[in-house]
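The values are calculated or read from the model by the stated rules, or taken from the named source; none is laboratory data. Bear in mind that the values here come from a model prediction, so they are computed numbers and not experimental data. Note that each Cβ is placed from the backbone with ideal geometry, even for glycine, and that neighbours are counted across all protein chains shown. Surface areas here come from the heavy atoms of the whole protein model, side chains and all, with no ligands, DNA or RNA. Shrake-Rupley method; radii C 1.70, N 1.55, O 1.52, S 1.80 Å.
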Amino acid sequence: MSCAFSLLESCHLPCSRYLSTTFRFSRGWYQMQRPIKHKTLCLCRNVQTFACELVKASYVPTPQTKPKDQSLAKVETIGAFQKLPMVMPSVDIFQSASRKAKRVLPTKGIANVAKRERNRGAKQLDALMKELAVPLRGYIENFPKRIYLHPYERSLIELTFGAGNYEEVLKKVDALRKKVVSVGKEHASLCAKSLSKKEAEERLTEGLEKLQEIFKCEGQAIDDLLYIAKTLRAMPVVDLEMPTLCLVGAPNVGKSSLVRLLSTGKPEVCNYPFTTRGILMGHITLDYQHFQVTDTPGLLKRCDEDRNNLEKLTLAVLSHLPTAILYVHDLSGQCGMSPSDQFMIYKEISERFGNHLWLDVISKCDLLKESPVVFITEDREVDHLELVKYRKIGPEGALHVSVKNEDGIDKLKKKVHELLMAQMERIKSKRIQDNIEVA
């Protein structure tokens, strides 16, 4: 019994504690010869671990792999815009902070009126400074840096707000926070050094007015950040693990009409170029499987340096997202772009993104005539055989559809399903390859 008790005590008693010479148990008294100091049972924190694999009924140690850099993992993910913090308008931030600061009372037990007033003023200015600075610091910390974003999201920020504007707004918010902290501490210190009640009240009023003036003059940065957060949060979420069909083509060729027909997306459909002013997302459910459909702004015949941000947005989707391409052509002349110009754009995009899965569609086939449409600006005597063939029937293997008469729609849906299933296999094989490289 004494041995068991000694072991128990050695596990639980600290090293500075001594056992008494006598102990009382349920069945009598037990006498010990002398006081004994028992060392505490300590566990080593730095325990070396290793992994083992089973080989022929024996464990063989295997070296552990170091985890990858966390910053690299952040770059590969997408969906940071939906995690942005809620930004309050600058007016609301100041009004809320002012109400909380006015409720701050002086420290209890101060009998002297002047001391009590300067204590109250200093505490209120300090409280106002903190109530203004804390939310701003939260915005700076929780808005992601561009280097940690997915390349697609980085492109969205640059094309939506302009190069460098996102970082510039965050810098202005941080500068406002630093200025609020500096001015708040300065006036709180001046108020705490006041010699009379009247002087303390004047210092308090002066500090409150100064902080209000700063927020009024430089608070526009917070409102700009609020606009950025609302815009980014409203952008469609793209699931990189879900097969995506991206509709590409010249403006007004019928991409949005096909998106409305194929998916749950409801983009605007009008008879003028650049109806689609952003990335619009819809979803398809085929055989209990879910897919994504993306409508993109139209492309014009010009070099990348002359493209507007809407066209660059389309190129960003194709460059950074694993999508299958449904390229839409309009040979009827109704879109406002000649077939020869569409052919040049098509050749450029097909060469640049030829590694994507591809399906060509000729829209508005109910408007096609026996003779090909030739614009007055085009050369009728062109001897480019591929262009002549394109004017008549479009690219080889292209589907002819009509949203108005629903001609070829069933065949299009079947082809789209096959294309997306092939895209799903690509995603699975890439995931397996990535796992092998990590292992």
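I'd like to verify a number: residues in the range 113-137 that are closer than 15 Å to Asp174 by Cβ and open to solvent by 20 Å² or more (accessible area, probe 1.4 Å), how many?
3
Here is a list: Val416, Val373. Which entry is surrounded by 14 or more Cβ atoms within 10 Å (Cβ to Cβ), in a helix (DSSP H, G or I) and either β-branched (Val, Ile, Thr) or at pLDDT below 90 (or both)?
Val416
Inside the range 400-413, can you point out the residues that are touching a Ser or Thr at 6+ places or on another chain (Cβ under 8 Å) and open to solvent by 30 Å² or more (accessible area, probe 1.4 Å)?
Within the range 400-413, Val403, Gly408 meet the criteria.
This table checks each residue for (1) within 15 Å of Leu84 (Cβ to Cβ); (2) among the basic types (Lys, Arg); (3) in a helix (DSSP H, G or I); (4) at pLDDT 95 or above.
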residue	(1), (2), (3), (4)
Tyr139	yes, no, yes, yes
Ile147	no, no, yes, no
Val173	yes, no, yes, yes
Leu176	no, no, yes, yes
Ser182	no, no, yes, yes
Asp223	no, no, yes, yes
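Looking only at the range 100-112, decide whether some residue is open to solvent by less than 40 Å² (accessible area, probe 1.4 Å), more than 30 Å from His320 (Cβ to Cβ), in contact with a helix residue (DSSP H, G or I) (Cβ under 9 Å, 6 or more places away or on another chain) and not in a loop (DSSP other than H, G, I, E, B).
yes
Looking only at residues in the range 149-162 that are open to solvent by 20 Å² or more (accessible area, probe 1.4 Å) and part of a helix (DSSP H, G or I), which one is farthest from Ser90 (Cα to Cα)?
Filtering the range 149-162 down to residues open to solvent by 20 Å² or more (accessible area, probe 1.4 Å) leaves 151, 154-155, 158-162.
Of the ones still in play, those that are also part of a helix (DSSP H, G or I) are 151, 154-155, 158-161.
Details: Pro151: 31, Arg154: 26, Ser155: 28, Glu158: 25, Leu159: 26, Thr160: 23, Phe161: 20 Å.
Only one residue fits best here, namely Pro151.
Which pairs have Cβ atoms under 9 Å, sit 6 or more apart or on different chains, and link a residue in the range 401-429 that is touching a residue at least 40 places away in the same chain (Cβ under 8 Å) and under 15 Å from Gln292 (Cα atoms) to one that is open to solvent by less than 60 Å² (accessible area, probe 1.4 Å) and in a helix (DSSP H, G or I)?
Taking only residues 6 or more apart or on different chains, the pairs are Lys413/Leu261; Lys413/Leu262; Val416/Leu262.
Could you list, in sequence order, the residues of the range 163-205 that are open to solvent by 50 Å² or more (accessible area, probe 1.4 Å), closer than 25 Å to Gln220 by Cα and touching a residue at least 24 places away in the same chain (Cβ under 8 Å)?
Passing the criteria: Lys172, Ala175, Arg177, Lys179, Lys185.
For the range 149-169, which residues satisfy the criterion of being modelled with pLDDT under 95 and charged (D, E, K, R)?
Correct list: Glu153, Arg154, Glu158.
How many of the residues in the range 389-399 are outside any loop (DSSP other than H, G, I, E, B), open to solvent by 50 Å² or more (accessible area, probe 1.4 Å) and touching a residue at least 12 places away in the same chain (Cβ under 8 Å)?
Of the residues in the range 389-399, 2 are outside any loop (DSSP other than H, G, I, E, B), open to solvent by 50 Å² or more (accessible area, probe 1.4 Å) and touching a residue at least 12 places away in the same chain (Cβ under 8 Å).
Just a yes or no: is a residue in the range 326-339 buried (at least 18 other Cβ atoms within 10 Å of the Cβ), at pLDDT below 90 and of a type in the set (S, T, N, Q)?
Yes, the range 326-339 contains at least one residue that is buried (at least 18 other Cβ atoms within 10 Å of the Cβ), at pLDDT below 90 and of a type in the set (S, T, N, Q).
Could you list, in sequence order, all residues of the range 195-234 that are basic (Lys, Arg), touching a Leu at 6+ places or on another chain (Cβ under 7 Å) and closer than 18 Å to Gln124 by Cα?
If we filter the range 195-234 for residues that are basic (Lys, Arg), which is where we start, we get 197-198, 203, 210, 216, 230, 233.
Cutting the leftovers down to touching a Leu at 6+ places or on another chain (Cβ under 7 Å) gives us 203, 233.
Selection gives Arg203 alone.
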